[in-house]
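Right, one structure below, let's go through it.
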Amino acid sequence: MSHYQKLIPPFEIPDSWEWAMLPEACLIPITDGTHQTPTYSDKENGIPFLSSKDVTSRVINWSNIKYITKSLHEELYKRIAPQKWDILLAKNGTTGVAAMVETDAVFDIYVTLALIRPVIGFIHSKYLLHVINSNCCREQFNAHLTGIGLPNLHLVDIQRTMIPLPPYQEQIRIADKLDDYLHIVDNAEDDVASLRLLISNMKSKILELAMQGKLVPQDPTDEPAADMLRRINPNARIITDNPHYPKWLCTYLGDICGFERGITFPSEAKRYDKIPGYIACLRTANVHDEVDLSSLWYISEEYLKGNDAKKLKAGDILMSTANSKELVGRSVIIRNLPESATFGGFVTVLRTQILLPEFFILFLKYKTLKGDFSKIATQTTNIANLNTKILSTVITPIPPRVEQSRIIQRVNQLFSVIDEIEASLQS
């Protein structure tokens, strides 16, 4: 191990192998890129400039790189000139991830990258790349990370890293075999990602068919939705009926639904523990596929002013009506709460007698998956808002009550199968 301090090897290796410190495998001292703030240029007039954001996997991502001025490049290139078969190691960001330079292109690097140049003929570049990306090195890197929020890996700690070294020909065989395996893994990961996208699209398609009346058979004995609507709310406006399914109709959400806005209260009024006279308060952070009760706030019941409409009830739909563009409109059904609860100002409760709660939530999830709510939301700074006036205009399909039940049952059956497939992808 030459002049480097001997350390305890992480594990046993074959007799023909030896442990070495990482710098012993390098032709030049391990160093990092420039520490000075770069002067950027455009692509046409500049030189490629890589940082840790461009090394987040085993391959350099050249698609979103920055460029520096040619005068700065000439200065930096005198200090360190990256070349083909060098290894770039991320010192922060995706800390400890390494990628190999597989091009003769001229470029420079920032301080967030360390440059490792193997001794060609003694160290096989691909083998060293695999070792640096292995748990063996990653655990050593992680043991030396410093900083809060954005951890940093220092050169001195990179230089103290131990690596296992087989004979050169064996390095080549190991690297080739790992390339084959990683190619299989990468293809599998791509397949899994494609399958997850397919699954997401399947759920959207199932909900689309459900809302079009195409998911379950029609029953001529069902009470027409128009009769139900006239009985419950004779003033509701019927926009259109469905010529293919005459027992269905469409109306405005505001004609069948009541909206209750949440309570806006000062930040100093919230508590994280329950005391007498305080009530749980649900907010956007609690609106997921099911109600998330892991981070409840509590506020004084005085804020309710005796208004029972501000208390959540089983069957209520809680919608996030002030959120990011991607999350606005996200909804959850209130099933059983462990305690009395109200709701905050960024959420709205939707209540209806026309739609079964489980069917209503399927409709709202369908609209969310399509992005309809984000399209109609108003934008103020970085918050998208859905006010009750906007929600009132949403056109809503009304199937017969018993058909709503059949749709709920069928959707749940299909989603259960899809959820099992998703769970298997996680294992």
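Kindly state which strands (runs of 3 or more DSSP E) lie completely within segment 319-407 and contain at least 2 residues that are more than 20 Å from Asn286 (Cα to Cα).
378-380, 395-398
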Single match in Pro243, Pro276, Pro266 (criterion: more than 27 Å from Gln409 (Cα to Cα) and modelled with pLDDT under 90): Pro266
Scope segment 360-390; condition out of contact with any Ser or Thr (no Cβ under 8 Å at 6 or more places or on another chain) and within 14 Å of Ile333 (Cα to Cα); matching residues: Leu362
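Residues are listed down the side, and each one gets a yes or a no for (1) touching a Leu at 6+ places or on another chain (Cβ under 6 Å); (2) open to solvent by 50 Å² or more (accessible area, probe 1.4 Å); (3) in contact (Cβ under 8 Å) with a residue 12 or more places away in the chain:
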position	(1), (2), (3)
Val216	no, no, yes
Asp219	no, yes, yes
Glu223	no, yes, yes
Ile232	no, yes, yes
Ala236	yes, no, yes
Ile239	no, yes, yes
Cys250	no, no, yes
Cys257	yes, no, yes
Glu260	no, no, yes
Test: residue in segment 96-117 that is open to solvent by 30 Å² or more (accessible area, probe 1.4 Å) and under 25 Å from the mean Cα position of the chain (by Cα): no
Any chance Ile28 is assigned to a loop (DSSP other than H, G, I, E, B), open to solvent by less than 80 Å² (accessible area, probe 1.4 Å) and modelled with pLDDT under 90: no
Any hit, segment 353-372, residues being at pLDDT below 95, among the polar types (S, T, N, Q) and under 26 Å from Ile263 (Cβ atoms): yes
Subset of segment 291-304 [part of a loop (DSSP other than H, G, I, E, B) and either under 30 Å from Asn233 (Cβ atoms) or touching a strand residue (DSSP E or B) at 6+ places or on another chain (Cβ under 6 Å) (or both)]: Leu296
Segment 204-214, residues that are part of a loop (DSSP other than H, G, I, E, B) and open to solvent by 80 Å² or more (accessible area, probe 1.4 Å): Lys214
Selection status of Thr112, without any contact (Cβ under 8 Å) to a residue 40 or more places away in the chain and among the polar types (S, T, N, Q): no
Gly329 being without any contact (Cβ under 8 Å) to a residue 60 or more places away in the chain and loosely packed, with under 15 Cβ neighbours inside 10 Å: no
Residues being open to solvent by 10 Å² or more (accessible area, probe 1.4 Å) and out of contact with any Lys or Arg (no Cβ under 8 Å at 6 or more places or on another chain) - total across segment 362-381: 12
Only one of Glu290, Glu260 that is among the acidic types (Asp, Glu) and in contact with a helix residue (DSSP H, G or I) (Cβ under 7 Å, 6 or more places away or on another chain): Glu260
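Given the criteria in a helix (DSSP H, G or I), over 16 Å from Arg261 (Cβ atoms) and open to solvent by less than 10 Å² (accessible area, probe 1.4 Å), does Phe415 qualify?
Values: in a helix (DSSP H, G or I): yes; over 16 Å from Arg261 (Cβ atoms): yes; open to solvent by less than 10 Å² (accessible area, probe 1.4 Å): no.
No.
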Residues of segment 313-326 that turn out to be among the aliphatic types (A, V, I, L, M), more than 20 Å from Leu362 (Cβ to Cβ) and open to solvent by 10 Å² or more (accessible area, probe 1.4 Å), as a count: 0
Residues (under 17 Å from Gly345 (Cα atoms) and open to solvent by 60 Å² or more (accessible area, probe 1.4 Å)) located in segment 388-412: Lys389
Residue in segment 180-203 that is modelled with the highest pLDDT, counting only those that are of a type outside the set (A, V, I, L, M) and surrounded by 13 or more Cβ atoms within 10 Å (Cβ to Cβ): Lys203
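The values are calculated or read from the model by the stated rules, or taken from the named source; none is laboratory data. Predicted, not measured: the structure shown is a model, and the values here were computed from it. Cβ coordinates were reconstructed from backbone atoms using ideal geometry, including for glycine residues, and neighbour counts include every protein chain displayed. SASA here: full protein model, heavy atoms, side chains in, ligands and nucleic acids out. Shrake-Rupley method; radii C 1.70, N 1.55, O 1.52, S 1.80 Å.
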